[in-house]
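> This is the structure, below, for whatever I ask next.
The values are calculated or read from the model by the stated rules, or taken from the named source; none is laboratory data. The structure presented is a predicted model; accordingly, all values stated were derived computationally and were not measured. Here the Cβ is made from the backbone with ideal geometry for all residues, glycine too, and neighbour counts use every protein chain on show.
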Amino acid sequence: MTVRLRPHHLLCMLTFVGKGYTPDFVENYHAIAARLNAGESIVIVEGPDDLCQPLTPALDAHCFGESVNGRDQRAAQAVSALLHIPVQPGAEIIPDAALLARLRKAFSHGDVRNACEGCEWSGLCDGVALGDYAGAVIG
């Protein structure tokens, strides 16, 4: 099986420490994190993904919103440039330790953070990155 993720969630997964929009969202995120930690691959999708599932249809306006879609575009560009692979719908990514370390290093240095512009979780993610990802669930 594969985990379906939209591009900006490639960055969100780096700093997930058990906080989120709703208790159902957090519970689902933990289940997705367990799958990734067990070695499942990621397939890139457009629009709501496996993480968004508990939020829809209640947050369809969020999941399909212009700001979120812009975050996806910026994340896809930044991660594509970093990994030298096209991050587009259908692309498969293996989230192994080396990939997570590379993404986290780029995240900490700000190389991929333009995708996070306007995100309500940026402050939390900043703190997790500054704490060297202590408590991060994935990886």
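> Given the conditions (1) part of a loop (DSSP other than H, G, I, E, B); (2) modelled with pLDDT of 95 or more; (3) over 14 Å from the mean Cα position of the chain (by Cα); (4) not aliphatic (A, V, I, L, M), and given that residue 105 satisfies all but one, which numbered condition is not satisfied?
Looking at each condition in turn, residue 105 falls short on (1).
> Mind checking whether some residue in the stretch 68-75 is outside any helix (DSSP H, G or I) and either modelled with pLDDT of 95 or more or β-branched (Val, Ile, Thr) (or both)?
Scanning the stretch 68-75 turns up no residue that is outside any helix (DSSP H, G or I) and either modelled with pLDDT of 95 or more or β-branched (Val, Ile, Thr) (or both).
> If you scan the stretch 1-35, which residues turn out to be of a type outside the set (Val, Ile, Thr), surrounded by 19 or more Cβ atoms within 10 Å (Cβ to Cβ) and either in a helix (DSSP H, G or I) or without any contact (Cβ under 8 Å) to a residue 40 or more places away in the chain (or both)?
Passing the criteria: 9, 10, 11, 12, 20, 29, 33.
> Just a yes or no: is a residue in the stretch 82-101 farther than 19 Å from residue 6 by Cα, surrounded by 12 or more Cβ atoms within 10 Å (Cβ to Cβ) and either more than 13 Å from the chain's Cα centre (by Cα) or in contact (Cβ under 8 Å) with a residue 24 or more places away in the chain (or both)?
The answer is yes; a qualifying residue exists.
> Just for the stretch 1-36: of the residues that are over 12 Å from the mean Cα position of the chain (by Cα) and within 23 Å of residue 114 (Cβ to Cβ), which one is modelled with the highest pLDDT?
Ranking the candidates gives 17 first.
> Here are the criteria: (1) modelled with pLDDT under 95; (2) part of a helix (DSSP H, G or I); (3) surrounded by fewer than 15 Cβ atoms within 10 Å (Cβ to Cβ). Tell me which single one residue 58 does not satisfy.
Going through the list (1) modelled with pLDDT under 95; (2) part of a helix (DSSP H, G or I); (3) surrounded by fewer than 15 Cβ atoms within 10 Å (Cβ to Cβ), residue 58 breaks only (2).
> Does the stretch 110-128 contain at least one residue that is buried (at least 19 other Cβ atoms within 10 Å of the Cβ), aliphatic (A, V, I, L, M) and more than 17 Å from residue 80 (Cβ to Cβ)?
Yes: the stretch 110-128 contains one or more residues that are buried (at least 19 other Cβ atoms within 10 Å of the Cβ), aliphatic (A, V, I, L, M) and more than 17 Å from residue 80 (Cβ to Cβ).
> Kindly list the number of the only condition in (1) at pLDDT 90 or above; (2) under 14 Å from the mean Cα position of the chain (by Cα) that fails for residue 47.
Here residue 47 meets the rest and fails (1).
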